[in-house]
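Have a look at the structure below, then the notes.
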Amino acid sequence: MRTPTHTRKRHFVPFALITSATLLLTACGSGSGDSADAVGAAAQADKVPTTDVVSGVRKDEAAAELLPAGTTGLTAAISVNGTPPGTTYLDDGKTLTGQDVDFTKAVAKVLGIRLKVEQASFEAILPALGSGKYDFGASNFGVTDERRKNIDFVTYINDGQGFATRRDSRLPKVTDLRQLCGLNVATGAGTTFEATLEENEKVCADAGKKAYHVQTYAESSAIWSSLQQGRSDIVMYTINGLRYAVTHQPGLRFLNEYHRLDVGFAFKKGTKLAPAFRAAVNRLIADGTYEKILKKWGTTGSAISESQVSPPEPRN
């Protein structure tokens, strides 16, 4: 489900700028409060981790039996954003890698199905599920009550919303969006962050303050360029992505977590695939593959103990 942008201006930057910024971001960190855990294995040598944690996964007959009859292959839509643990490319320029990729491949192996991965823009995936263009999406989709009206989810990690800024900024932790009044806030297009900011944009007017300005970008690398170059004052983004960015880009500072969210595979409403995917994730948790994937990407603070189907959004 695409979040409406109303009068929001979509920002794009030249390819060279995107490329240079992407080189600064080669992996992502943890959703926990421990900075050491936030770096994790993915931070070693500032390189995208290449440890194979999927090839050893075996088919689980009990999980596979939960698939709809005749299901032998599925098509997954994944957004490539250039910033792990989100999906990016290996050095060959064609092999996709990232936390979502590993989980997608691992679940497919548990279920014993052929997997076809197609690239799509983040904001285009959820609307396309209803049409049957893709069988499911895997791009760090937060499970919100609004999305649950039209999309079914099977959870596999817990991440959420947070804030970061430049190290020289005097901004404190953001516990109330009124603290953003008068600021330029950079975030991703079609995300829960954009939706949260839009839904609460009147708080500044109600407080008699100048409104904050939401700057939405299609590329995560462009978000960080905007902050580094002073076009934005603050970034609202995934907790995992923020923690890695501040560790590996000079002059940035993580402010705080704002709202925790479960993250899940996304399906059209009423899908019959959910029970099988839930069983597959739980199998990965039980056999230790789940922990290996999280350690690879430095996101052990995002671990869940059990997969769920479309859980309600937490109130925090």
Any idea what % of Cα-Cα pairs in the stretch 243-286 are farther than 16 Å?
62
Computed over all unlike Cα pairs, the Kirkwood hydrodynamic radius of the stretch 76-126 in Å stands at 11.4
Let me see the P(r) profile for the stretch 244-316: every Cα-Cα distance counted, bins of 10 Å, each bin given as a percent of all pairs.
15, 37, 32, 13, 2
Semi-axes, largest first, in whole Å: what does sqrt of 5 times each Cα gyration tensor eigenvalue give for the stretch 117-183?
32, 14, 12
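When 1/r is averaged over all different Cα pairs and the result inverted, which Kirkwood radius in Å belongs to the stretch 161-259?
Numbers: mean 1/r = 0.0756 Å⁻¹.
With all distinct Cα pairs of the stretch 161-259 included, I get 13.2 Å.
Starting from the Cα-Cα distance between Lys209 and Lys269, subtract it from 0.36 nm times their residue separation and give me the gain in nm to one decimal. Could you put the intermediate results ahead of the total?
Working: separation 60, 0.36 × 60 = 21.60 nm, distance 4.03 nm.
Extra length available between Lys209 and Lys269 comes to 17.6 nm.
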For Ser55 and Val309 in the same chain, what is the full-extension length gain: residue separation times 0.36 nm, less their Cα-Cα distance, in nm?
88.8 nm
So the pair-distance distribution of the stretch 178-316, from every Cα-Cα distance in 10 Å bins, comes to percents of 10, 31, 32, 20, 7, 0
Taking 0.36 nm per residue of separation and subtracting the Cα-Cα distance, what length does fully extending Ala62 through Arg114 add?
17.0 nm
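Where a number appears in this text, it was derived from the coordinates with a stated rule and is not lab data. Not measured: the values here are computed from a predicted model.
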